[in-house]
1. Using a 1.4 angstrom probe on heavy atoms only, work out the carbon and sulfur share of the accessible area of the chain in %.
2. Reachable lysines from K71, Cα under 20 Å, same-chain residues fewer than 8 places away excluded?
3. Around G9, with a cut-off of 13 angstrom between Cβ atoms, what is the net charge of the other residues, counting Lys and Arg +1 and Asp and Glu -1?
4. Under the definition of Cα pairs under 8 Å and six or more residues apart, what whole-number percent is the relative contact order of the chain?
5. Return the calculated 222 nm mean residue ellipticity for the chain, to the nearest 500 deg cm²/dmol, obtained by summing -39500 (n - 2.57) across DSSP H runs with n ≥ 4 and dividing by the residue count.
6. From largest to smallest, what semi-axes in whole angstrom does the chain give when each is the square root of 5 times an eigenvalue of its alpha carbon gyration tensor?
7. What accessible area per residue, rounded to a whole number of Å², is obtained for the chain using a probe radius of 1.4 Å?
8. Positive end of the dipole of region 1-97, charges at C-beta (+1 Lys, Arg; -1 Asp, Glu), about the Cα centre: which of I61, T50, L20 has its Cα farthest in that direction?
Amino acid sequence: MENYRIIIGYLFYIIVVISLTIYVSKMLFKNGKLFMIDIFRGKEDIALATNKLFEVGFYLINIGWALLIVKISTYSNELISYQSLIEKLSMKIGGFSIYLGIMLMLNLFFFLRGRKKSRQYTKGTTQQPQIKTT
């Protein structure tokens, strides 16, 4: 097999990006559980179910993207060197890490936005209705 180094690169890439995705997901949704409970005003069962659905969606989007961009390009029929392979892998894994960081921040934004909307809704329902007289 002439391009065994590329196969090694693919295996390394897939292991690293899936591990990164699992780590970020576990941290995000373990800590996001508190936001979800706050958003759903203490209804823990619906908060945990929603949080789990978000976690599954996070996995599908990020692992799907990682697999979509897995290709390691070579510009000739020559055997890829270890140096070239490491450089290509660092670019791919670095780019994926940046993407994963953006996805993390986007999820945090949605958690905070949901919390803010929930608090606005709670404040709006605790006020006494205004009776207009004409």
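1. Working: 6420 of 9740 Å².
It is 66 percent, rounded to a whole number.
2. Hits, sequence-local ones excluded: K88, K92.
3. Working: positive: R5, K71, K88, K92; negative: E87.
Neighbour charge sum, excluding G9 itself: +3.
4. Details: 77 pairs, mean separation 52.4, N = 134.
Dividing the mean separation by the residue count of the chain yields 39 percent.
5. On the way: 3 runs with 106 residues, N = 134.
Rounded to the nearest 500, it is -29000 deg cm²/dmol.
6. 47, 14, 10
7. Details: 9740 Å² over 134 residues.
Averaged over the residues of the chain, the accessible area is 73 Å².
8. Looking along the dipole axis, the top candidate is T50.
The values are calculated or read from the model by the stated rules, or taken from the named source; none is laboratory data. Keep in mind it's a predicted model, so treat the numbers as computed, not measured. Every residue, glycine among them, receives a Cβ derived from its backbone with ideal geometry; neighbour counts consider all protein chains shown. Note: areas computed on protein heavy atoms with side chains; ligands, DNA, RNA excluded. Shrake-Rupley method; radii C 1.70, N 1.55, O 1.52, S 1.80 Å.
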